[in-house]
């Protein structure tokens, strides 16, 4: 049986892993190669890097990070953050990324999803969707960390990006992100049931049970978390052991 | 000390494959090449592929690599990966294109109407993630790898060989499908050893020491 995936997510700024505390203070959390290797050893199924480099001058640094990680960590690597053009996608893939995640650029110019998947294949293109609940059973797509409304219905948008050639959806609840109250399971399930491509649940994980809930109730194909792993609260292995105990197929 | 050629016909990133082989075969020379002469002078050959099979076939021919691939597949230790496995077959449903025809059989898409899990939820396509690879024949490339070990897959099409004797492994995803085929000097796999952590590195290491 196909295993449900656990994906640690690392925020990278100017070539270093950073951890945000209450979204204000960014603390250095180490060398991306070292951190990625540690997660690989714990049994992470993939690793996602989110480039949050503020200065566009430093944007190329992520390419070097990806090159170094890809030389030493032999599991799939997804990179997102600031990806705007097909050229951006190509550069990251050539550096060693296996998938590239597109967020705001997809909203601003949906054609970039079609162009990128046409050039490099759907399997390399992840569309990241940030959604907020606006009514019971209704979620809207937001950009810029939840600040900007787009007017797009999240479920319709998920179907749209699938039809444009996205190979996977990274779905983040902006209501839950950073709360540690668990995934928005209603959103996760609604999107997962609406598309035939894999959906990664993200935003709100505060316990290992939340990860399992994302799969069992949210019907996610993969679960992504950052802080629960970064601050040493839990290892990926512990997460998998709990998921297995709850009857979920995992790679252990 | 031997030379392995990774055939580069412009489809997808071959850096990961090269790095993974360099990692396990430090004494060997790894070249990523689009030069037929380089392919023919190599001791072993890796034939990868990403994206859509019609594009892969077109780009292979655009670079004049078909004869070198066919020649290498006749006598060198030859490892097909992903689309590089699919292209060895006669024909693909993807774009309705002919393949190289080294193996008889068809490349098929996962049947949409059957992609339902036991609990009634939808099985997604592409088949993406770590799945169990069940070995169907003893083979030197399985050395040190447990039967049922998980490898990383990402694909929407799979090979359906006409000759069941070449099936080297199967994986279950709604249906049992062929994950690996083997015949004489050829071993070809749908999953990605370069992204499959220890099991994948073990398989690549086995390939680098394989003497068919």
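Key figures
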read-out	value
Meets criteria (closer than 21 Å to residue B:23 by Cα and either away from chain A (no Cβ under 14 Å) or free of Cβ contacts under 8 Å to residues at least 40 places away in the same chain (or both)) for residue B:207	yes
Segment B:144-174, residues that are surrounded by fewer than 23 Cβ atoms within 10 Å (Cβ to Cβ), more than 11 Å from every other protein chain (Cβ to nearest Cβ) and under 20 Å from residue A:251 (Cα atoms)	B:144, B:145, B:146, B:147, B:170
The one condition in (1) surrounded by 18 or more Cβ atoms within 10 Å (Cβ to Cβ); (2) assigned to a helix (DSSP H, G or I); (3) within 12 Å of chain B (Cβ to nearest Cβ) that residue A:75 fails to fulfil	(2)
Top-ranked residue of segment B:111-143 - restricted to ones that are within 18 Å of the chain's Cα centre (by Cα) and facing chain A (nearest Cβ under 10 Å), ranked as farthest from residue B:53 (Cα to Cα)	B:132
Answer residue from segment A:219-235, given it is crowded, with 24+ Cβ neighbours inside 10 Å and in contact with a helix residue (DSSP H, G or I) (Cβ under 6 Å, 6 or more places away or on another chain) and is farthest from residue B:123 (Cα to Cα) among those	A:223
Filtered residues of segment B:39-55 (kept if surrounded by fewer than 20 Cβ atoms within 10 Å (Cβ to Cβ) and touching a helix residue (DSSP H, G or I) at 6+ places or on another chain (Cβ under 7 Å))	B:40, B:54
Residue match in segment A:45-57 (condition: part of a helix (DSSP H, G or I) and either over 16 Å from the mean Cα position of the chain (by Cα) or more than 11 Å from chain B (Cβ to nearest Cβ) (or both))	yes
Of residues in segment A:26-41 being more than 14 Å from chain B (Cβ to nearest Cβ) and touching a residue at least 12 places away in the same chain (Cβ under 8 Å), the one nearest to residue A:67 (Cα to Cα)	A:32
Answer residue from segment B:112-131, given it is assigned to a loop (DSSP other than H, G, I, E, B) and in contact with a strand residue (DSSP E or B) (Cβ under 7 Å, 6 or more places away or on another chain) and is surrounded by the fewest Cβ atoms within 10 Å (Cβ to Cβ) among those	B:115
Residue, nearest to the other protein chains (Cβ to nearest Cβ), within segment A:121-164, restricted to residues that are more than 18 Å from residue A:218 (Cβ to Cβ) and assigned to a loop (DSSP other than H, G, I, E, B)	A:121
Criterion (assigned to a loop (DSSP other than H, G, I, E, B), over 25 Å from residue B:201 (Cα atoms) and away from chain B (no Cβ under 14 Å)) met by exactly one of A:112, A:17, A:107, A:83	A:83
Breaking point among (1) free of Cβ contacts under 8 Å to residues at least 24 places away in the same chain; (2) more than 24 Å from residue B:152 (Cβ to Cβ); (3) surrounded by 18 or more Cβ atoms within 10 Å (Cβ to Cβ), for residue B:36	(1)
Condition check for residue B:100: part of a loop (DSSP other than H, G, I, E, B), within 17 Å of the chain's Cα centre (by Cα) and over 30 Å from residue A:169 (Cα atoms)	yes
Scope segment B:147-157; condition within 26 Å of residue B:198 (Cβ to Cβ) and touching a helix residue (DSSP H, G or I) at 6+ places or on another chain (Cβ under 8 Å); matching residues	B:149, B:150, B:151, B:152, B:154, B:155
Members of segment A:236-247 that are surrounded by 17 or more Cβ atoms within 10 Å (Cβ to Cβ) and under 25 Å from residue B:133 (Cβ atoms)	A:236, A:239, A:240, A:243
For residue B:200: the one exception among (1) within 14 Å of chain A (Cβ to nearest Cβ); (2) surrounded by fewer than 23 Cβ atoms within 10 Å (Cβ to Cβ); (3) assigned to a helix (DSSP H, G or I)	(2)
Where residue A:101 falls short, out of the listed (1) in contact (Cβ under 8 Å) with a residue 60 or more places away in the chain; (2) outside any strand (DSSP E or B)	(2)
Criterion violated by residue B:186 - all others in (1) under 27 Å from residue A:252 (Cβ atoms); (2) surrounded by 19 or more Cβ atoms within 10 Å (Cβ to Cβ) satisfied	(1)
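Each value in this text was obtained by applying a stated rule to the coordinates, not by laboratory testing. Remember, it's a predicted structure, so these values are computed and weren't measured experimentally. Virtual Cβ from ideal backbone geometry, glycine too; neighbours counted across all protein chains shown.
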